[in-house]
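Visitor: Here it is, the structure, as structure tokens.
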Amino acid sequence: MAFAPLKRFVVLDLSRVRSGPAAVRQFADWGADVIKIEEPSEVKDDKPGGAAKFSDYQNTHRNKRSLTLNLKHPEGKAVFMELVKRADVLVENYRPSVKAKLGIDYASLRAVNPRLVYASISGFGQDGPYADRPGLDQIAQGLGGLMSVTGEADRGPMRAGIPIADLSAGLFAAIGVLIALLEREETGVGRWVQTSLLQAQVWMMDFQATRWLIDGEVPAQSGNDHPTSAPTGVYPTADGYINIAAMGSGMFTRLCEVLELPALVHDPRFVEAGSRVENRADLNRQIIARTRTRTSAEWIERLNAAGVPCGPILSMDGTFDNEQVKHLNMVRHVRHPARGDIAIMAQPVIFGGTEPPEVRPAPETGAQSDEILAWLGMDEARRARLRAAGAI
């Protein structure tokens, strides 16, 4: 039997693009009844987040039901309020002024369902000088400091290769919702859970932020080298490149033994961790001269056997062909009505003694509208009237 611990929850998904869907996916994958609410006019390929035929959409919106609903129409709004009465969770990433204008803000919905856990993900927060600015991942990466430490020195700012602000904001929102649901078990009432791309990105700066907050040091770009540890970075081999992370003097000693460079251990420039960072360029030159003499596979085997972290640098095809990635079952297969068998990302969490959760393809816009409205108790005649009025 598929593991579906969240099946008792109904989640309304009013979010778009990535941050909100990243939060909702945590509930959809673990069995919650997620109803994705979309505007009737959104049956097009260029809507935010794309359309169901696109791979990204399939990965992001699997395991949901889709309902088209015109929230600007009085009857559409009334249907929405019926859904709110039954819902446990609502996730949205509208700008603050937009949801207030639509009358779907937390205060309005709490009056309809005090038990509702309402999650808001914004670009910059629900209030403050930037509250109503449009927020996107790369804007948050720049404002949150990530682009100032990514890439090589003197090459200008560089964005990260994934939407880290979007994804982390979604995960933080999901954590917040779960905490609010746990609290609701004691209090009987929901909460307004808030996070933003900017908050998530600043939090994700972690030790780089701490270098400034505690030490007064402004971190700079350091390319593939770890900013505070050496030798840790990318090293060329006879047939490519590898990552080596020799953190600490013990690992450094073992690295030198495998590289057959015993003199480096006693070199005054490299004896202490701080001096290895200060003299990183000289140290790397000597290491590179040795790593170029053998293949990547040889070094990976030798260094890992000695307890020195070392690994390959793979493109996406190589990643999914990797034996450990395969062993971890990071891919799930689902049958799509138009595209046939497709592969999507699996959840990175394992619950011992359970079967993997069920996976269903992302729905076409409005595919389950009749099913959901019938679930609300609406007969076919009322559904027809709502369609004719443009409410659904």
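Visitor: Looking only at region 143-160, filter to residues that are among the small types (G, A, S) and surrounded by 18 or more Cβ atoms within 10 Å (Cβ to Cβ); which one of those is nearest to S97 (Cα to Cα)?
Guide: Ranking the qualifying residues of region 143-160, first place goes to G144.
Visitor: What number of residues in region 309-344 are within 30 Å of D239 (Cβ to Cβ) and in contact with a strand residue (DSSP E or B) (Cβ under 7 Å, 6 or more places away or on another chain)? Spell out the reasoning first.
Guide: First pass over region 309-344, keeping only residues within 30 Å of D239 (Cβ to Cβ): 309-331, 343.
Retained after the next criterion (residues that are in contact with a strand residue (DSSP E or B) (Cβ under 7 Å, 6 or more places away or on another chain)): 309-313, 320, 330-331, 343.
Qualifying residue count, region 309-344: 9.
Visitor: Has region 212-219 got at least one residue that is on the phi < 0 side of the Ramachandran plot and in contact with an Asp or Glu (Cβ under 9 Å, 6 or more places away or on another chain)?
Guide: No: region 212-219 contains no residue that is on the phi < 0 side of the Ramachandran plot and in contact with an Asp or Glu (Cβ under 9 Å, 6 or more places away or on another chain).
Visitor: Let me ask something else. Please go through region 216-266 and give me each residue that is without any contact (Cβ under 8 Å) to a residue 24 or more places away in the chain, open to solvent by less than 20 Å² (accessible area, probe 1.4 Å) and within 33 Å of the chain's Cα centre (by Cα), ordered by number.
Guide: Once the filter is applied, which keeps residues that are without any contact (Cβ under 8 Å) to a residue 24 or more places away in the chain, open to solvent by less than 20 Å² (accessible area, probe 1.4 Å) and within 33 Å of the chain's Cα centre (by Cα), region 216-266 yields only T232.
Visitor: Which pairs do you get when a residue that is over 12 Å from V10 (Cβ atoms), found in region 28-40, comes within reach of a residue that is surrounded by fewer than 21 Cβ atoms within 10 Å (Cβ to Cβ) and among the β-branched types (V, I, T), reach meaning Cβ atoms under 6 angstrom, with the pair 6+ apart or on two chains?
Guide: E38/T365
Visitor: Looking at (1) under 30 Å from G250 (Cα atoms); (2) open to solvent by 80 Å² or more (accessible area, probe 1.4 Å); (3) of a type outside the set (S, T, Y), which one does V325 not meet, given that it meets all the others?
Guide: (2)
Visitor: What single numbered condition from (1) assigned to a helix (DSSP H, G or I); (2) under 25 Å from L171 (Cβ atoms) fails to hold for N329?
Guide: The one condition N329 does not meet is (1).
Visitor: If you scan region 267-314, which residues turn out to be part of a loop (DSSP other than H, G, I, E, B), open to solvent by 70 Å² or more (accessible area, probe 1.4 Å) and closer than 20 Å to G240 by Cα?
Guide: R292, T293, I313, L314
Visitor: Could you grab me the full set of residues in region 351-384 that are in contact (Cβ under 8 Å) with a residue 12 or more places away in the chain, in a loop (DSSP other than H, G, I, E, B) and open to solvent by 80 Å² or more (accessible area, probe 1.4 Å)?
Guide: F351, E358, R360, E364
For (1) touching a helix residue (DSSP H, G or I) at 6+ places or on another chain (Cβ under 8 Å); (2) farther than 24 Å from R159 by Cα, each residue gets a yes or a no:
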{"position": "R86", "(1), (2)": "no, yes"}
{"position": "L109", "(1), (2)": "yes, yes"}
{"position": "P134", "(1), (2)": "no, no"}
{"position": "D137", "(1), (2)": "yes, no"}
{"position": "Q141", "(1), (2)": "yes, no"}
{"position": "G144", "(1), (2)": "yes, no"}
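Visitor: Shifting gears a bit: When you go through S108, S120 one by one, which is the residue that is out of contact with any strand residue (DSSP E or B) (no Cβ under 9 Å at 6 or more places or on another chain), hydroxyl-bearing (S, T, Y) and either on the phi < 0 side of the Ramachandran plot or modelled with pLDDT under 95 (or both)?
Guide: Among S108, S120, only S108 is out of contact with any strand residue (DSSP E or B) (no Cβ under 9 Å at 6 or more places or on another chain), hydroxyl-bearing (S, T, Y) and either on the phi < 0 side of the Ramachandran plot or modelled with pLDDT under 95 (or both).
Visitor: Is at least one residue of region 349-367 among the small types (G, A, S), in contact with a Leu (Cβ under 7 Å, 6 or more places away or on another chain), closer than 30 Å to R383 by Cα and modelled with pLDDT under 95?
Guide: Checked region 349-367: at least one residue is among the small types (G, A, S), in contact with a Leu (Cβ under 7 Å, 6 or more places away or on another chain), closer than 30 Å to R383 by Cα and modelled with pLDDT under 95.
Visitor: Further question: Being in contact (Cβ under 8 Å) with a residue 24 or more places away in the chain, on the phi < 0 side of the Ramachandran plot and within 20 Å of the chain's Cα centre (by Cα) is the filter here; which residues of region 300-350 pass it?
Guide: R332, I344, M345, Q347
The values are calculated or read from the model by the stated rules, or taken from the named source; none is laboratory data. Keep in mind it's a predicted model, so treat the numbers as computed, not measured. Every residue, glycine among them, receives a Cβ derived from its backbone with ideal geometry; neighbour counts consider all protein chains shown. Side chains included, ligands, DNA and RNA excluded: accessible areas come from the protein's heavy atoms. Shrake-Rupley method; radii C 1.70, N 1.55, O 1.52, S 1.80 Å.
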